[in-house]
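Okay, so here's the structure we're looking at.
No value in this document is a laboratory result; all are computed from the given coordinates. Note that the structure is a prediction, hence the values are computed from the model and not measured. Methodologically, a virtual Cβ is constructed for each residue, glycine included, from the backbone with ideal geometry; neighbour enumeration extends over all protein chains shown.
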Amino acid sequence: MAHDPSPEDVVFLSTMPAGPGHRRLALAVVLIAATLFLIGLPFASVQLPEVWAFIPVYESWLIIIDAITAVLLFGQFSILRSRALLVLGCGYLFSATMTMAHALSFPGLFTPTGLIGAGPQTTAWLYAFWKAGFALFVLAYALLKDEKLAPYVRYRRARVSILEGAAFVLTATALLTLLATSGEDFLPILMNGNYYAPGSYYVAPFGWTIGPIALLILWRRQRSVLDLWVLVVGCVQILEVALSSTLNSGRFDLGWYMGRTYGLAAVSFVLVMLLIENGRLYAKLVDGQAELRRLAAVDPLTRVANRRAFDEEWRRAIRGKTTLALLLIDVDRFKAFNDVHGHVVGDRCLQMIADVLAGGARRAGETIARYGGEEFAILLPGTDLAKASALAQRLLQQVRELDIPRVEAGAGPDVTISIGVACVFPAREADPMDPGSTALVEAADKALYAAKSAGRNQVAEFVPHVADLQHENMSSDAPAAATPQSPSGKQA
């Protein structure tokens with residue numbers, strides 16, 4: 001039964017399901033390659049000029065592309081721990097190392113007979129080993145790709161597996177190169193100068209057999225975008241081998257040039273798709289981090305900032321060294337309201353009040369946050385006590401106008417709020433993180449307590465000289481540090 005892919009499945013190219021768009025694009029690439037193959041086939045044996053610069057440019061690009069693709073596949077293996085990815089990464093690394101050996105041995109490029117002790121047959125055999133070996137790695141990938149990872153199994157470090165795979169590839173490359181150089185006399189003759197010898201037509205079928213088998217198995221098992229593009233690479237490389245080493249006459253003819261160009265295009269497909277998907281992955285990562293920061297800073301119920309975000313804005317405002325006002329707001333008798341009407345209605349009540357408060361804090365830098373269960377705080381940088389109190393009075397009236405029903409008839413006005421207002425000038429603080437910076441919160445809290453003690457549904461300001469005077473008179477009754485105001489704005 002088909003099911004929607006999980007978020008993890010769409011992150012990596014090796015797990016992302018191949019959609020119709022991917023399949024259409026892959027089919028278009030194969031059809032274009034096949035069309036060019038058919039167009040060039042009648043002229044494959046036409047001899048062209050020997051452009052020696054073509055070989056180092058072509059093979060340098062191959063080495064770079066294969067090496068980068070191998071690194072990206074190893075990176076996905078280190079996360080997903082899929083042996084299929086490890087094998088495919090080793091296949092691309094094998095292609096890169098064999099390309100290097102092939103370039104060094106090419107006759108006439110560096111020396112008349114090539115470097116690394118190459119003979120007249122070395123380059124042709126290295127090419128045969130290179131293409132057949134890569135096909136074997138693709139075959140192994142196809143056979144391993146559906147392997148299920150055993151849960152709760154402790155795996156070795158991915159680095160160890162990658163190093164082992166790289167060591168295997170380098171050893172295989174060294175042995176095959178040694179066979180093609182020192183063991184050249186024991187191998188069939190594939191080249192007569194720049195032209196193919198009859199023996200090449202007996203060796204080529206081995207590569208022709210491995211490639212199609214690997215592609216057939218991969219076709220039956222392909223599910224991901226990576227599977228699809230590895231399949232495309234295999235199809236194009238079959239056309240490459242056919243055009244450049246079987247259906248043409250030798251080096252530097254039209255088929256040879258076209259086949260090499262096919263090979264360069266083929267290995268580029270997977271790299272391009274990996275780079276595109278890596279770009280999309282980073283874009284998703286940035287979006288995910290932004291969403292996490294938003295979720296971490298927003299109260300899920302009221303959709304305003306939470307205490308953590310408020311603390312961050314507090315530190316930023318303190319560093320600004322400007323006048324800083326704070327409103328502490330408490331919903332009057334909310335516990336009784338919640339007990340009577342239930343949590344669903346209580347939550348809706350808090351949401352409505354939060355919307356009103358958010359509408360009042362609109363200037364840049366002003367922050368509203370849910371400070372506790374039914375407590376809110378509004379931070380007002382660059383605002384003096386008078387302006388802060390005026391805003392508090394407006395919010396008080398707007399909450400009253402919501403007409404949220406009270407708990408029971410005769411119990412007073414509808415649901416209301418009480419607000420404590422305080423203001424400080426943080427520039428006098430030597431250290432923004434000093435405990436003295438909490439004085440504003442303590443002052444606003446005292447003012448809020450005064451407003452509630454004076455009958456609720458009103459605003460109270462914290463006035464320092466009044467607090468000092470009452471402290472001298474040893475008046476221990478709270479709210480000694482605040483001056484309550486009635487809803488009309490006059491002191492009570």
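As an exercise, find the ratio Rg/Rh for region 235-274 from alpha-carbon atoms, using the Kirkwood inverse-distance average for Rh. Looking at region 235-274, the ratio lands at 1.06. Taking other Cβ atoms within 10 Å as a rough exposure proxy, Asp185, Asp355 sort from fewest to most as Asp185, Asp355.
Summing +1 for each Lys or Arg and -1 for each Asp or Glu among the other residues whose beta-carbon sits under 11 angstrom from that of Ala325 gives -2. Each residue of region 62-73 was assigned a 3J(HN,Hα) from its phi angle through the Karplus curve 6.51 cos²θ - 1.76 cosθ + 1.60 (θ = phi - 60°); the sequence is 4, 4, 5, 5, 5, 5, 5, 4, 4, 4, 5, 5 Hz, with glycine and proline shown as x.
Within the shell of other residues whose beta carbon sits under 13 angstrom from the beta carbon of Ala84, the net charge comes to +3, with Lys and Arg scored +1 and Asp and Glu -1. Computed across region 20-293, the Kirkwood radius stands at 19.7 Å (inverse of mean 1/r, all Cα pairs). Taking Lys and Arg as +1 and Asp and Glu as -1, the other residues whose beta-carbon sits under 14 Å from that of Ala118 total -2.
Listed from fewest to most Cβ neighbours within 10 Å, the set Ser60, Ser268, Ser95 follows the order Ser60, Ser268, Ser95.
About its Cα centre, region 20-293 has a charge dipole of approximately 1140 debye under the convention of +1 per Lys or Arg Cβ and -1 per Asp or Glu Cβ, with nothing else charged. If every alpha-carbon in region 85-136 counts as one equal scatterer, what log10 I(q)/I(0) does Debye give at q = 0.14, 0.15, 0.23, 0.24 1/Å? The calculated log intensity ratios at q = 0.14, 0.15, 0.23, 0.24 Å⁻¹ are -0.37, -0.41, -0.76, -0.80.
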